[in-house]
Each structure stands twice: as C-alpha cells, then as structure tokens.
Amino acid sequence: MLLITCPYCRMARPESEFHYGGEAHVARPAEPANVSDAEWAAYLYMRANPKGVHAERWRHIHGCGRFFNAVRNTVSDEILATYEAGMSRPDLGDGTKDAR
Amino acid sequence: MASLHRTNGGGRVDRARTLSFTFDGRTYQGHPGDTLASALLANGVHLVGRSYKYHRPRGILSAGAEEPNALVTIDRGDGRAAPNLRATQVELYDGLVAESQNRWPSLSYDVGAVNSLFSPLLAAGFYYKTFMGPRLLDSNWAWHKIYEPLIRRAAGLGKAPTLPDPDRYANRFAHCDVLVVGAGPAGLAAALAATEAGARVILCDEQAELGGALLSEWAVEIDGTPAASWVADAVRALAASPRVTLLPRTQAFGYFAQNFVALAERLTDHLASSDPAAARERLWQVRAKEVVLATGAIERPIVFPGNDRPGIMLADAARTYVNRYGVRPGSRTVVLAACDSGYAAALDLHRAGIDVATIVDPRPNGNRTLIEAARTAGIAIEVGATVIATRGRQRVTAVRIARIGADGSAAAGSWIPCDHVAMAGGWTPSVHLFSQSRGKLAWSDAAQAFLPAAAAPGQAQRSAGACRGVFGLAAALEDGFAAGKAAADTRVRKRSFNVTHDLTDFSGIVGTPGTGAHVSKAFVDFQHDVTVRDLKLAAQEGFRAIEHVKRYTTTGMATDQGKTSNLNALAIVADHLGKPIPEVGLTTFRQPYTPVSFGTIAGTSRGDLFDPVRRTPCDGWAQAAGAVFEDVGAWKRARYFPEGGEDMHAAVARECRTVRGAAGMFDASTLGKIEVVGPDAAVFLDRLYINSFQKLGVGRCRYGVLLNEAGFIIDDGVIGRLAPDRFHVTTTTGGAARVLNMMEDYAQTEFPDLKVWLTSTTEQWAVIAVQGPRARDVLAPLLEEVDLGATSFPHMSVKAVRICGIEARLFRVSFTGEMGFEINVPADYGVAVWEAVWREVQKHGGCAYGTETMHVLRAEKGFIIVGQETDGTVTPDDVGLGWAIGKSKRDFVGMRSLSRPDMVRGGRKQLVGLLTADPKLVLEEGAQVTAELHPPAGTPALGHVTSAYWSAALGRSIALALVADGRARIGTRLNVPMPGSDVPVEVVAPVFLDPKGERLHG
Ligand SMILES: [Zn+2]
C-alpha cells in the first residue's frame, strides 16, 4: 500500500484513503463548441500512459475530499511530488516535466 | 525412558517434561522445545513423506523454513486442518496430530510409487506436452479420465480442509523507526544498535525463540559469554525497552513499496489448547522508516545420484538437531562437505557420540584448521572426492564415494555403510525480501551467490550479515550492529565482537561436483521432483532463459519456492549452456516467503463483515411483512411481498393491479440523494445535466439526465428546487457515490469559480413512494394544511410539509405512470411514517410493493432504468430523451460529443417496444433481435431486449429493446431467435400504457 501525502491535509496517509483519477493536466476545453472533432476526441481519449514519471490526479476521498495532483513513477511506484489542483506540474529537474 | 536417538544431555529441549503426539496414527513422545521434525528424528522416524511425481520415500532435509520434503497436515479438528506445514517449523505440543501427505494407502507402502517406474514419462515438460501435444486419444475423454485426476492429485501435496475455518484472525497496522527482520546474530545486533539510539524498533523472527543460528552453538563464546547466554542477555535488554516490540513466531512474508512489510504472527498454533476467542494468527502491516534485513542464509544440498533418500540431510540441519534439540539424526554418518559447515557438523556429530564414518570433501583444498581438527578427532577424510550413488529404500544404508579426477570425471570407489548423510553444499543468502522490495541483485563470484546490490527507490532498507554474503559470526554481528546504527542514529558507537570457534568458508559449490555422467535420480528440486536430467532436457529442447526452464521443468515452483534448489538449478543450466550464471538470469522472488493462511490475509473480512450490507430504515418492517429481498449493489431491497403462498409471478401481478387500481407504497430510500447548495447551484447543475435548471421555479422538479463527457447516459433522477440556491438531487441507487464524485470533480477542478457545495444525503432521508389513483386520499389525512390538488401541487412539484407532525419534503413524482408522491422524512422517523402511511393505504385497499413491481410499472410506461436500457453506449436521443436537452444551452458535460460523427450517423440503436405474436410469451432479457426469422450463423443482431415482463394491466407480455434505427421500424415485424423456437415480434412505440399521461397528471 502506498503512502500518499495530501497537499491539503499536509499528511502522508495510506492509499486506501484515496481514489485514483487518471492523468493530470488534461484540461476541459473552455468552449467545447469551438473545438474540432479531432481536438475533442483527443481530449476525451488520448492519454500519455508513460512507463516512468507520470502526473496524475488523486482524490483524498476518505479524508478531506479534495482532488489534487501527484507525480508518480509508474515503474517504481515512487511518488515524487504532490500538489494542489490548479497548480502547474513542478519541475523535478529530471527532464520529465516537458516530456509530454 | 531415555530415547536411543537423544543425546546424553544439552540442547534447548526440556527433558524433564514429555509430550505425546501422533504421526500417521502412531503415538510418539517428545519434549517442549522440540519441533515435530526433531521429535520424529528423536523417535528414529526419518521417512516422513512421498515425493510429488515419483512418490519416492523422503525424509527430513532441513531444520527450518526451507524444508521441501517433510510437509505434513496438522489436524486440530472442526475444520482446523492445516496442510503443507513444514514439520521443521511445527512446534510440538501435547496431543499434536500430524499426518503425512501424498501417499496411499500408507507411507511405507505407497501405490503411487509405481510412478517411479514410468519416470521417463513424467520428465520435464510433462504438463506442457500433455496440454499441447498430439491428441492421440479423444481429448475430452483423456482429460477427464487421465490428465485431470492425475494433475489434481499431484497439484497440491496436502488436502485443503473442507469445513469452514472456525478460527479468528487479527490484523494490526504498526509504524516504527526500524524494522529488523530476523533475530539471528546480525538481527539481534542490529536491534541492539537501533535500541541504543532510542529508535522505535520491531524485531521479528519466524522461530519461537529469538537467536537464529546462535541457538545451535554450544562452544561459541561472544565477548567471553557463551552464545546462548549472550542471546538471553540481548533479548532481555531489548525486551526491557518500552520502544522495542519483539515478535517471535512471526514471518515477514511480503515487502512492498515504501517500506511496507507484511508479517504473519502465529499466536496459538503452538498451544495444546487455547481460548476459542483468541486469534489464531495476526497480520501485521508495518510501515517502517528503515528496514534491516537480517534474513540469514540457507545451506544448499549437494546434487548427486540418490541424494533424496531418507536420512540424507543438510549438514547444518544435522548439527542443529544434535546441538539445539539433543537429537541424534543417525548412528553412522557420512559427511559430504564442500564448505566449513560440513566440518563443524562432523565434529559436533562426533562429539554427540555419532560414528562419523568419513568426511568426503569435493574440494582439493579445504580449511586446514578444520581438517586438522577432524583428523585429531579420528575422523577419516577423503579430499577431492564425492558421492556418486546411494542405497536404501526407506532409509539410506550406504553411499558410494568416488575420487574426482583432474578432468572432472569420477572414479567409482568403495561403498560405505551408513544410516545418515550430512551434506554441506555451501550457503545461499536469503535475498527473498530484498528482491521483493525490488532491489537489484548482482552475482558474486567470491560468494558464489546473488547478493543485494542496489536498493529500489523509496525503500530505505539495508541487508546485514549472511543475507548479504557477510558470513562468519563475528563479521555478521559487526555488520548487523553497523546496519542498526546506520538505520537509527549514526552517532551510536561502533562495536566489534570477540567470537571463538568462528568459521570462514561458506561459499561451497554450485551444480553437480564431479558426478559427470552419473546424474540419474540426482535431485535438484526435492519438492517438485526435478532432477539434473530434467534440467538438461529442458536446455536440450531449446530453453535458454532460466524463467522458461523454471516453467518447463517446474523447478522452484513448489510451495518452498526453490529455497534449497534454485541456485543449483541455475548452475546446472548455465553449465549445460556453457554460459556464466549471471547470463542465464535469475528467477523472480515472490510473496509470500513461506505460505500464509487465507485466514491471516482475510482477517476479519469474512462472513457478514466481508461485504457489509446496507439496509433501509424500513427494512425491518419489510422483513416482518414477509418480503422477499434482492441485492441491489450493497443494498437489500424488498423485491415483492407474497401473500398466502403466492409465487413471484402471482405476487407481482397482484401488486401491479393494486397500484394501478388503488394505491401502493414502496420503499425508495436507496435512491441516491445529493444536496446541491450555493448561489451558483443552478448554473452548476446546468453544466452537469443535459437539462436547464436556471429557469426551474422554486418548488418545481425536473427529470435530470447525466452524461459522461463521451456523451453517454450514466445516471438520471428527479431534481427538485427547494430554494433559489438549494436543490435536492436524486440519483440511481447504484450511481449515488459515482455521481457525487463526478460532481465534486467538476466543482473542484473544472469549475472552481462556481460557488456550490455538495453533500450526500442518501442516508439522511427515508423515502416512501405512494403511487396510484388513491395516492392523494392516502396522504391527505397525514398532512397538515397542504392542498394536494392537481393545480396547487401538480406533477413534478416539491414542498416542505409536516407529515405525522414531522418535517418532511414531499415530492409529487411518479415512476409508475400513476399519480404519485414521494415522502422524504428524516431516516429515524422512517418506520413511524411508513406505518402511518401503511394504515391509510390499507383503508383504500392498497398494498406494499417491491422492486419487481416497480420495474414492471415503469416498463409499461417506457421509463428507462440506467444500466438496463443503457449500457454506457447510449445517448439521450437513443432512448428518446432528446426532448430533455435544454434548447438554449451552449455546453453541458457530454454535449460536444453528441455532435461527433459517430453520434449523428444513421443506424444507431434506439429504444422501442416489442410485442410478441404470442401474448403469453415473455421474452428473455438480453435476447438478440434480428430481421430474419432464421438468420444464418454469423448474422449480426439489430439489437437486444433490454427489459421484458408480464404486464397485468395489459394482460400480455411487453418488452423494451434497443434496435438499430428502431424508431423507423415501428410497425414492422422482427424476430428474436431463441434456442428451439424463434419468436416473431412487432415493433411498437416504447410506451404501452396511458401514452398521454392522463393518469399521471390526475
Ligand atoms: Zn486531504
């Protein structure tokens, strides 16, 4: 079981308190009516799914209830950073921030 | 009476007390401190099991967790039968009942031993060839008559108990600064160092006594103190610290991410009797800041022909039986020593009065000091020799030694009579937990072993002592102390240890020393009966990677996970392929280290606690009324209320007629309920649902449909506006949590600018639906000053009222097509109000109805159920709900997807009604709908039946279906192919009753 630090509660809590929420920073187009079918399809379905460092959404569902983001290595399960929803992905200096 | 097989004194068993136990029905005696294995040896019992494939007689190989042969079933009665326990780990208690496994009819006369005669047929790849090979026989017959019984019998040595496990199991989460796994010399030293630093320490060890290998020493002194006393002092010092938790009988079996380690603690299995309320085992889930692995090493067998006969055991195990348990495992021993521990065993066996016939050492140059000591003791030594054959049916009677030539060939020599062989092949570090932690291993030529190299990220752990190749007692103690210090506080003063009688060479040999062509019946994996021949065959057949060889031969795949065999197997395959060992690779170490009972893992999650049941406030009333229940998600819902011996069909038909004729009441409390509050509540709901809510008046309701962003229906429900900034949202029973999570997601991440707050109120309200033409008459007497008239409180209204004096929310809504109300009262008043309504319902000839009637009544009206008429690929238009989409809306969740090309093309499946030509015939839900009457195989279906019921109101069957271009097919005939008879159907509009809604608005 992973330990995840909720950036709102500022506490490391067991994974069972959290829900996974898919890739982070996939913003819903502000005016969906103005985007092309291809752009909308990309928003709906295209995800990076990397083997390695991944920014993803979690929700502290059995805690404060807040959605937040985490940078996790999908190979080692190491959680490199967690940060509040709406903040940009932190640069961990490993070259993965702009990989997508 | 002193046993012939006990030493004259010494050891850690309590000779003053005697315990009785039975093995295969025969009664024997042992002492407290014995394991089942030591007690059997003390009674001269060596034959303890039959091997897996060939049913060869097998004896006790080891004295620990690595035991591949001595597997027994311990039956404590009443379902407390534990199979495949290692006799070497089972603590003896008075009255213990043990049975051997994999033999019939008895251990000494086993019919299955005939398998030995067919051993060429059972060689490597037998299972694969069985499944994949040419089908000479009718495969079905062969499978059921030959292969399956054979494989089933062979698949597990012990039999799983058939009765439910009556024992209790406990579970504990724990946190500590330093978790030390293993309480041998390195582990004890590590715990002492960490404790000195003031750390919170957990020290666990799988044995009943802490001390590990030190418990088998009699001569060793540490800093001038005898080993046993040193252990006692160390344990006493640790136990005295309130910051230390000592866990004997506790196996660390799994190492997971972020220093999360699972331990299984045995609490009562060693007791003759225990309080039935006491837990049998406890699962510890430990999160440690630092982990010190002091898991030691396992001695390897030597691979030579006939190395599996009872009486042949590991040298260090023999030494442990003599020194720790006071047991003589034989009367005349041949020691095959490829490293120091063989000599140490020979000397201690000799000291215990066992005739050590000879030491056979395959190495050209052994440890001179030890050789000298053995010679001084009068023990003959054959250097540069090995064993190439053994004799003896149920116990070894002789071994044949051979001198190894310069070219590696062996020249057969004389037979030496003996009843015991001790083999010391070298030591394999126990890197299982390190490997489970995803640490990287590297091959060490010096140690002839894989050793921990790099720790995985996030795993703050270090190995100490023999498990990282640091052998020798003084070195292991110092390494352990240094690891504990590093894990806790580097300011702790470094410590060195003064040890007498230390050993130095542990590397030994891997593979098959000097046996050349003599490989017949040379066992590598004892538990799975894998021989050198099998491994060579796999290599000859083209297997190159050890992972493939493992699966093909099943070497290392038994319950012992190859603890004694993996490295030898690897060396033999590498040798055959002419490659260095690291190039052949290493198999994966998996949890659990030793088998763990299901009870320990399940803990309290069993029976009623496995999947908690949700019950509504009115559940007790429904039970008393004789309702038949169904499971809906975690809820128990009343399905129907049979009267006077009615079956479901009769009860549902009566309930349907009563609701449409008079009135019925229904427990709708399971509906999900979410209170959406805030100045932007209406805007928020507008963005989530397809409907418009901004213009919805206070006191009015709307049927809301929720899509996902892909444009497909995922939930629906009535939404009432209680105030300009307050909505009462209902969801489907199963969708409540999902919808709230989705709302929170949008509120927090996509629309954080909106001022809106969401609260789950599902369990705050009991919901009582009253439906039918007399519904108003039922409710009127219970309400204070409320006009329920069609104009003052029309369909789709909501109002705060007092019912039976209790504040309530009253909805005028209908899921039946009849005039209907839903009363929401605080859950605690649910039963009281239900009973009051029930009294009124009865006055009007009404009834209580269940979910089955609810389904029929809504289907007669063509109301969809999300998850029945929809399956995650259905749009609002597909089910005729296009009208619900707010006309002037620019955006809502899923709106953009509704104009994607696939959504607007023709041929989408649409909701229609189906009427069977035979009105008595009720279609099967899920049945396919086709154009042709007898479609040829492979014809794609036009769609499928989503709902089908007997309609009492119509006196015939009805069905709803999703059919390609369904609305255009209304009035045409289609077919529902069924086994035996295809059913012609007429396509109709999906509303069977009161299409104008006159009853609804009455
Ligand atoms: Zn939180």
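Counting just the residues of region A:1-30 that are more than 14 Å from the ligand (Cβ to nearest atom) and open to solvent by 80 Å² or more (accessible area, probe 1.4 Å), which one comes out farthest from B:Pro901 (Cα to Cα)?
Among those residues, the one meeting the criterion is A:Tyr20.
Condition test on B:Arg438, is it of a type in the set (D, E, K, R), at positive phi and surrounded by fewer than 23 Cβ atoms within 10 Å (Cβ to Cβ)?
yes
Any residue that is within 14 Å of chain A (Cβ to nearest Cβ), open to solvent by less than 40 Å² (accessible area, probe 1.4 Å) and modelled with pLDDT under 95 - is there at least one of those in region B:217-225?
no
Quick one: count up the residues across region A:65-92 that are surrounded by fewer than 20 Cβ atoms within 10 Å (Cβ to Cβ) and more than 16 Å from the ligand (Cβ to nearest atom).
12
Can you tell me which residues in region B:159-180 are open to solvent by less than 10 Å² (accessible area, probe 1.4 Å) and within 30 Å of B:Ala237 (Cβ to Cβ)?
Across region B:159-180, the qualifying residues are B:Cys176, B:Val178, B:Leu179, B:Val180.
Looking only at region B:464-490, count how many residues are on the phi < 0 side of the Ramachandran plot, assigned to a loop (DSSP other than H, G, I, E, B) and open to solvent by 10 Å² or more (accessible area, probe 1.4 Å).
Number of matching residues: 4.
So, in region B:751-776, exactly how many residues are buried (at least 18 other Cβ atoms within 10 Å of the Cβ) and of a type in the set (D, E, K, R)?
Residues that pass the stated criteria total 2.
Quick check: is even one residue across region B:214-221 over 16 Å from B:Ala288 (Cα atoms), touching a Gly at 6+ places or on another chain (Cβ under 7 Å) and of a type in the set (A, V, I, L, M)?
Within region B:214-221, one or more residues are over 16 Å from B:Ala288 (Cα atoms), touching a Gly at 6+ places or on another chain (Cβ under 7 Å) and of a type in the set (A, V, I, L, M).
Scan (1) within 23 Å of B:Gln748 (Cβ to Cβ); (2) away from the ligand (no atom under 16 Å from the Cβ); (3) touching a His at 6+ places or on another chain (Cβ under 9 Å) for the single condition A:Tyr43 breaks and write down its number.
Of (1) within 23 Å of B:Gln748 (Cβ to Cβ); (2) away from the ligand (no atom under 16 Å from the Cβ); (3) touching a His at 6+ places or on another chain (Cβ under 9 Å), only one is false for A:Tyr43: (3).
Would you be able to say whether some residue in region B:417-436 is within 30 Å of A:Arg72 (Cβ to Cβ), modelled with pLDDT of 95 or more and in contact with an Asp or Glu (Cβ under 8 Å, 6 or more places away or on another chain)?
Within region B:417-436, none of the residues are within 30 Å of A:Arg72 (Cβ to Cβ), modelled with pLDDT of 95 or more and in contact with an Asp or Glu (Cβ under 8 Å, 6 or more places away or on another chain).
Restricting attention to region B:514-530, report how many residues are surrounded by fewer than 24 Cβ atoms within 10 Å (Cβ to Cβ) and at pLDDT below 85.
Result for region B:514-530: 6.
Mind telling me which of the residues B:Gly620, B:Gly645 ends up being part of a loop (DSSP other than H, G, I, E, B), of a type outside the set (A, V, I, L, M, F, W, C) and more than 30 Å from B:Leu283 (Cα to Cα)?
From the options B:Gly620, B:Gly645, the qualifying one is B:Gly645.
Looking at (1) aliphatic (A, V, I, L, M); (2) within 14 Å of chain A (Cβ to nearest Cβ); (3) touching a Pro at 6+ places or on another chain (Cβ under 6 Å), which is the one condition that is false for B:Met895?
(3)
Provide a single number: the residues in region B:945-996 that are buried (at least 22 other Cβ atoms within 10 Å of the Cβ), touching a helix residue (DSSP H, G or I) at 6+ places or on another chain (Cβ under 8 Å) and among the polar types (S, T, N, Q).
1
Does at least one position in region B:862-870 carry a residue that is more than 14 Å from chain A (Cβ to nearest Cβ), closer than 30 Å to B:Ala662 by Cβ, modelled with pLDDT of 95 or more and part of a strand (DSSP E or B)?
No, every residue in region B:862-870 fails to be more than 14 Å from chain A (Cβ to nearest Cβ), closer than 30 Å to B:Ala662 by Cβ, modelled with pLDDT of 95 or more and part of a strand (DSSP E or B).
Filter region A:31-40 down to the residues that are in contact with a helix residue (DSSP H, G or I) (Cβ under 9 Å, 6 or more places away or on another chain) and surrounded by 13 or more Cβ atoms within 10 Å (Cβ to Cβ) and list them by number.
A:Pro32, A:Val35, A:Asp37, A:Trp40
Taking region A:46-63 only, how many residues are more than 12 Å from the chain's Cα centre (by Cα) and either more than 16 Å from the ligand (Cβ to nearest atom) or surrounded by 15 or more Cβ atoms within 10 Å (Cβ to Cβ) (or both)?
7
Quick check on region B:604-622. Is at least one of its residues open to solvent by 40 Å² or more (accessible area, probe 1.4 Å) and farther than 28 Å from B:Ala827 by Cβ?
Scanning region B:604-622 turns up at least one residue that is open to solvent by 40 Å² or more (accessible area, probe 1.4 Å) and farther than 28 Å from B:Ala827 by Cβ.
Just to be sure, is B:Thr225 without any contact (Cβ under 8 Å) to a residue 60 or more places away in the chain and out of contact with any Leu (no Cβ under 9 Å at 6 or more places or on another chain)?
Yes: the conditions hold for B:Thr225.
Quick check on region B:453-461. Is at least one of its residues of a type in the set (A, V, I, L, M), open to solvent by less than 40 Å² (accessible area, probe 1.4 Å) and within 14 Å of another protein chain (Cβ to nearest Cβ)?
yes
Working only within region B:421-435, note down all residues that are in a strand (DSSP E or B) and open to solvent by 10 Å² or more (accessible area, probe 1.4 Å).
Residues satisfying the conditions are B:Trp427, B:Thr428.
Give me the strands (runs of 3 or more DSSP E) completely within chain A, filtered to those with at least 1 residues that are away from every other protein chain (no Cβ under 12 Å), in contact (Cβ under 8 Å) with a residue 60 or more places away in the chain and closer than 30 Å to B:Val261 by Cβ, ordered by residue number.
Here the list reads A:3-6, A:67-73, A:79-84.
Tell me, which residue of region B:718-742 that is open to solvent by less than 10 Å² (accessible area, probe 1.4 Å) and not β-branched (Val, Ile, Thr) is nearest to B:Thr851 (Cα to Cα)?
Ranking the candidates gives B:Gly735 first.
Report whether or not B:Tyr54 is hydroxyl-bearing (Ser, Thr, Tyr), surrounded by fewer than 24 Cβ atoms within 10 Å (Cβ to Cβ) and assigned to a loop (DSSP other than H, G, I, E, B).
yes
The values are calculated or read from the model by the stated rules, or taken from the named source; none is laboratory data. Please read these numbers as outputs of a predicted model, since none were measured by experiment. A quick note on method: Cβ atoms are made from the backbone with ideal geometry, for glycine too, and the neighbour counts reach across all protein chains shown. Ligands, DNA and RNA are excluded from the accessible area calculation, which covers all protein heavy atoms including side chains. Shrake-Rupley method; radii C 1.70, N 1.55, O 1.52, S 1.80 Å.
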